Every structure is written in C-alpha cells, then in structure tokens.
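A short worksheet on the structure shown next.
The values are calculated or read from the model by the stated rules, or taken from the named source; none is laboratory data. Being a predicted model, the structure only gives us computed values, none of them experimental. Note: ideal-geometry Cβ built from the backbone for every residue, glycine included; neighbour counts use all protein chains shown.
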Amino acid sequence: MTPETQIAIVDAWRIAEARTFFRNVWPMYVHELSSFDTQFYVLDEKGRWLPDIVEDWISDITPVQNMRGEQDAEQPFQRAHIITCDDRPIGFVCIGIPPFKYMPADADVHIAEFFLIHTSRGTGAATRAVALLLQRYPGRWHLRAIYDNTRAIRFWRKALLSLGVHGLEEHHDGSDVVFRCVAGS
C-alpha cells in the first residue's frame, strides 16, 4: 500500500452495495472466529451461523432488544462500516454507540467486530481504517479481543499506541483481552 492508497469507511446501513458485501463476508468472519476459544457462534444443521445478527448491524434502526433506553435521531446505534481500499471493499468494522445494550455504560464507542480479508492484512489498511474511526467517533472507546487471537491483540496494541489515543488500558476479563482508551482531545 502506498501513501496515495485511499482507505475509506462506508456506512453499510446507507448503501445497498455495502450491505451486500457485509452479508456476503460475514460468514467468512464468523468461520474465522470459530477457530478461537469462543462458543458464541454455532453452525446449525443447515450450515448457517447462529445467532444470525447480520441484519442488526446493517439496519437503519437498531432493534429495540439491542438497546438500553429510548430511541432518538442518532439511529442506528449498532453500525456496520465497510472498509474500502481505493473504492474496493476489503473488510468491515461493527461499532455500537449508546444506548447500544452490549457495551459498557461508561463507553462512548464499542468496537464489536473487526475484519479484513487476508490479502489486506499487514498492509497498514486496518490501522488507517482505525484512524478514520477515531476521528469520526471521538470519546471513550472500548473493545474486546478473544484471548487466544494473538494477531488481533498485537494489532490493537500497536495500532492504538501508534494512533496516539489517550489513557490506553488493557486487562483480561474472562476469555477476552479488553482495551479502553480515549480518542480525540
């Protein structure tokens, strides 16, 4: 990747092609996660990953069961963004913002899922995508990595430090490594 390479974040809930990409690569992501010590996703007898939460991430309205409290104009609170490289989709990131139910009450942004296709890993695209997210979503960040996903843990340690977040904290919580930091001034 060169400095001229354009990395962008596309709102999947707003663009049909982005929603299609997300639906198509989600099973690849979940399959990859299944190699780690997690029991959240289970393959059913028809070959589908359950729970099937794809539509929750790309809907323009967050399902009420995924929220704490009232809805307002900032919908959705559960957002999938497609990561593109020179306008070509290469991955996605799913974030929650309050009142998304599955995040700490004292966080402003929760990174729930992060995925790049294999050919884009190690190119710097992921760090550049995180930089765009830090600019777009300032505040108190929270994310979790599965404890035996050492590549993800190394990535988050390196990326967050190199991007100059404030108050970076890391600790173990059950089977996850939790990162907290503050983006912006």
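Numerical summary
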{"read-out": "Residue ID - farthest from Ala8 (Cα to Cα), chosen from residues in the range 85-114 that are buried (at least 20 other Cβ atoms within 10 Å of the Cβ) and in contact (Cβ under 8 Å) with a residue 60 or more places away in the chain", "value": "Val109"}
{"read-out": "Number of the condition not met by Gly167 [criteria: (1) farther than 15 Å from Ala112 by Cα; (2) of a type outside the set (A, V, I, L, M); (3) touching a strand residue (DSSP E or B) at 6+ places or on another chain (Cβ under 8 Å); (4) touching a residue at least 40 places away in the same chain (Cβ under 8 Å)]", "value": "(4)"}
{"read-out": "Qualifying residues in the range 67-84 (those that are farther than 21 Å from Leu163 by Cβ and in contact (Cβ under 8 Å) with a residue 60 or more places away in the chain) - the one surrounded by the fewest Cβ atoms within 10 Å (Cβ to Cβ)", "value": "Pro76"}
{"read-out": "Test: residue in the range 129-142 that is of a type in the set (Ser, Thr, Tyr), surrounded by 13 or more Cβ atoms within 10 Å (Cβ to Cβ) and at pLDDT 95 or above", "value": "yes"}
{"read-out": "Selection from the range 29-48 of residues that are under 18 Å from the mean Cα position of the chain (by Cα) and either assigned to a strand (DSSP E or B) or in contact (Cβ under 8 Å) with a residue 40 or more places away in the chain (or both)", "value": "Tyr29, Glu32, Leu33, Phe36, Thr38"}
{"read-out": "Elements of type strands (runs of 3 or more DSSP E) contained in the range 96-185, each with 1 or more residues being within 15 Å of the chain's Cα centre (by Cα)", "value": "109-116, 139-146, 176-183"}
{"read-out": "So Asp52, is it part of a loop (DSSP other than H, G, I, E, B), at pLDDT 90 or above, closer than 15 Å to Ala12 by Cβ and among the charged types (D, E, K, R)", "value": "no"}
